[in-house]
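Undergrad: Before I ask anything, let me first share the structure, which is written out below as structure tokens.
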Amino acid sequence: MVDLTSSTSVNELGLAVGTPSVRSVGPLAFGPEGILFIADNVGASIFAVDVGDTGGGKPESVNLENIDASLASYLGCSREDVAIRDMAVHPASSNVYLSVMRGTGDAAIPVVIRVSGDGSIVDVPLENVPFSQYAITDAADEDDPRLVTRMKLRTVTVTDMSYVEGLLLVAGTSNEEFTSTLRRIPFPFDGDGKSNSLEIFHVSHGQYETAAPIRAFVPYQGNTSILASYTCTPVVQFNLSDFDSGKHIMGKTVAELGSHNHPLDLVSYQHDGGEFLLVCNDRHPLFKIACKDIDVQGPLTVPDDSLDASPADPVTPGVGVPRELLPHPGVKRMANLNGSGVLMLQQDDDGGSHLRTYATATL
């Protein structure tokens with residue numbers, strides 16, 4: 001039997017063996033020593049869990065057709081009762097981790113799934129594991145009536161996360177007047193987190209906004225800034241050096257990719273000496289942006305009514321940095337894989353979901 005109390009995570013990262021009270025699973029991110037961060041919006045908490053993944057194979061690609069059907073079979077439910085909330089790749093093993101809600105409504109059960117390179121599926125134990133918990137004390141109450149794109153404010157307490165040099169960066173909302181928030185939480189969870197309210201200029205809406213949260217973001221410029229995407233669909237840069245405690249932060253809008261659209265994920269990758277950003281959406285095709293164009297883009301601060309096109313249009317016009325449309329349909333989630341590939345969770349017209357890896361050289 002493995003002595004969990006002697007593990008590095010317990011001794012050095014402040015984890016204790018026990019059973020985390022996880023009420024829901026949403027955004028995922030990996031931190032030091034392969035620690036998995038799990039956002040629980042229902043419980044207004046973030047859990048750091050040692051998943052015990054010792055590494056090994058590091059597959060060059062992960063491909064699994066009909067992952068939703070496989071998950072349904074494994075979990076003993078219908079495909080319609082499987083909701084994949086997020087995806088992350090373990091930095092040492094390249095195993096794929098999925099946050100999954102089994103069922104609907106208050107009866108939904110949170111599950112974390114690990115998919116290996118050979119396509120095998122197992123659930124990640126959340127009982128008697130090394131873990132720690134960070135409570136988000138400024139989350140909106142569960143009965144807060146405020147809505148964000150028809151979703152209750154509490155459900156978007158955490159929309160995305162990334163671990164950067166000792167800090168867990170957490171995008172989402174708070175219970176403050178300006179609800180759009182970026183939190184900076186030190187890990188181990190032995191110190192106080194700091195948060196900042198955010199403001200952006202929304203070109204298609206023609207106004208500055210403080211309510212809509214970041215939907216997805218990636219660290220950028222050697223972890224000195226982040227690139228974030230919002231609903232309808234601004235891409236905004238924030239310099240992390242501006243984030244003093246409690247300060248209200250204004251982002252620089254560098255692109256608007258079209259309205260009536262919800263961004264789902266961002267990923268950046270290196271190829272042929274350059275860095276590129278991919279943005280997947282619920283309505284538009286997969287966008288590719290050269291980061292060198294972002295570096296020279298000035299802030300967008302002028303309204304543009306032409307962006308507010310009909311929702312029936314397949315692609316609406318955009319402004320700001322140039323972008324390329326890629327022929328990868330139905331992309332819902334993305335993650336880097338071994339530095340040479342991008343793993344995509346794609347959904348087809350029939351609702352089936354698939355894990356597919358694309359070499360960066362082909363993107």
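Undergrad: Could you work out the relative contact order of the chain? I mean the mean sequence separation of Cα pairs under 8 Å and 6+ apart, divided by the number of residues, in percent. Mind showing how you got there, number by number?
TA: Working: 930 pairs, mean separation 49.6, N = 363.
Relative contact order for the chain comes out at 14 percent.
Undergrad: Please list, in chain and number order, the residues 5+ apart from residue 333 or on another chain whose amide H is under 5 Å from its amide H, with Hs placed from the backbone.
TA: 345
Undergrad: Sorted from fewest to most neighbouring beta carbons within 10 Å, what does the list 272, 138 look like? Write down the numbers at each step before the final one.
TA: On the way: 272 7, 138 14.
Listed from fewest to most nearby Cβ atoms, that is 272, 138.
Undergrad: Using just the Cα positions, wrap the stretch 63-192 in a convex hull and report its mean projected area in square nanometres, one decimal place. Let's see the in-between values first.
TA: Details: hull surface 40.0 nm².
That works out to 10.0 nm².
Undergrad: Once R0 is set to 45 Å, what does the formula 1/(1 + (r/R0)^6) return for the Cβ-Cβ distance between residue 348 and residue 137, expressed as a FRET efficiency to the nearest 0.05? Don't skip to the end; give the middle numbers.
TA: On the way: r = 42 Å, r/R0 = 0.93.
The computed FRET efficiency comes out at 0.60.
Undergrad: Mind sorting 25, 302, 218, 17 by how few other Cβ atoms lie within 10 Å of their own Cβ, fewest first?
TA: Details: 25 26, 302 9, 218 21, 17 15.
Placing the least packed residue first, the sequence is 302, 17, 218, 25.
Undergrad: With the cut-off at 1.5 for a/c, could you classify the stretch 1-126 from its C-alpha gyration tensor as rounded, prolate or oblate?
TA: Numbers: a/c = 2.01, a/b = 1.21, b/c = 1.66.
In terms of gyration-tensor shape, oblate.
Undergrad: Also: Given H placed on each backbone N at 1.01 Å, which residues far from residue 164 in sequence or on other chains put an amide H within less than 5 Å of it?
TA: 169
Undergrad: To continue, here is another question. If r is the Cβ-Cβ distance from residue 207 to residue 241 and R0 is 30 Å, what FRET efficiency results, to the nearest 0.05? Don't jump to the answer; show the numbers that get you there.
TA: Details: r = 27 Å, r/R0 = 0.89.
The computed FRET efficiency comes out at 0.65.
Undergrad: I've got another one for you. Can you tell me the dipole magnitude for the chain around its Cα centre, using point charges on the Cβ only (Lys, Arg +1; Asp, Glu -1), in Debye to the nearest 20?
TA: Working: 23 positive and 46 negative charges, 44 e Å.
It works out to roughly 220 debye.
Undergrad: Ordered by residue, what ³J(HN,Hα) values in Hz, to whole numbers, does the stretch 181-190 give under the Karplus form 6.51 cos²θ - 1.76 cosθ + 1.60, where θ = phi - 60° and Gly and Pro are x?
TA: Computed from phi, the couplings for the stretch 181-190 are 9, 10, 9, 10, 10, x, 10, x, 6, 10 Hz.
Undergrad: Right, next: Charges at C-beta only: +1 for Lys and Arg, -1 for Asp and Glu. How large is the resulting dipole of the stretch 230-363 about its Cα centre, in Debye rounded to 20?
TA: Working: 9 positive and 17 negative charges, 67 e Å.
Dipole magnitude for the stretch 230-363 comes out near 320 debye.
Undergrad: Find the relative contact order for the stretch 1-132 and round it to a whole percent, using C-alpha pairs within less than 8 Å whose residues are 6+ positions apart. Mind showing how you got there, number by number?
TA: On the way: 274 pairs, mean separation 38.5, N = 132.
Once normalised by length, the contact order is 29 percent.
Undergrad: Using the Cβ atoms and a cut-off under 11 Å, what net charge is assigned to the surroundings of residue 110, where Lys and Arg are +1 and Asp and Glu are -1?
TA: Details: positive: 23, 85, 102; negative: 40, 123.
Charge balance near residue 110 sits at +1.
Undergrad: Label 7 Å along Cα→Cβ of residue 151; the stretch 180-223 residues with amide nitrogen under 11 Å?
TA: 213-216
Undergrad: A follow-up question, please. Compare the Cα positions of 279, 269, 255 along the charge dipole of the stretch 248-290 (+1 at Cβ of Lys, Arg; -1 at Cβ of Asp, Glu; about the Cα centre) and return the one farthest towards the positive end.
TA: 255
Undergrad: Which value results when the Cα radius of gyration for the chain is divided by 2.2 N^0.38 Å?
TA: On the way: Rg = 19.7 Å, N = 363, 2.2 N^0.38 = 20.7 Å.
Relative to the 2.2 N^0.38 Å estimate, the chain comes out at 0.95.
Undergrad: Under 1.5 on a/c is rounded, so check that first for the stretch 210-363, then, if it is not, pick prolate when a/b is larger than b/c and oblate when it is not; a ≥ b ≥ c are the square roots of the alpha carbon gyration tensor eigenvalues.
TA: Because a/c hits 1.5 or more and a/b fails to exceed b/c, the stretch 210-363 counts as oblate.
Undergrad: Kindly provide the helix-only [θ] at 222 nm of the chain, computed as the sum of -39,500 (n - 2.57) over DSSP H runs of four or more divided by all residues, to the nearest 500 deg cm²/dmol? If you can, show how the numbers build up before the last one.
TA: On the way: 3 runs with 19 residues, N = 363.
So the helix-based figure for the chain works out to -1000 deg cm²/dmol.
Only the coordinates and a few stated rules stand behind these numbers; no lab work does. Keep in mind the model is a prediction, meaning the values are calculated, not measured. Neighbour counts are summed over all protein chains in view; Cβ atoms, including those assigned to glycine, are modelled from backbone coordinates with ideal geometry.
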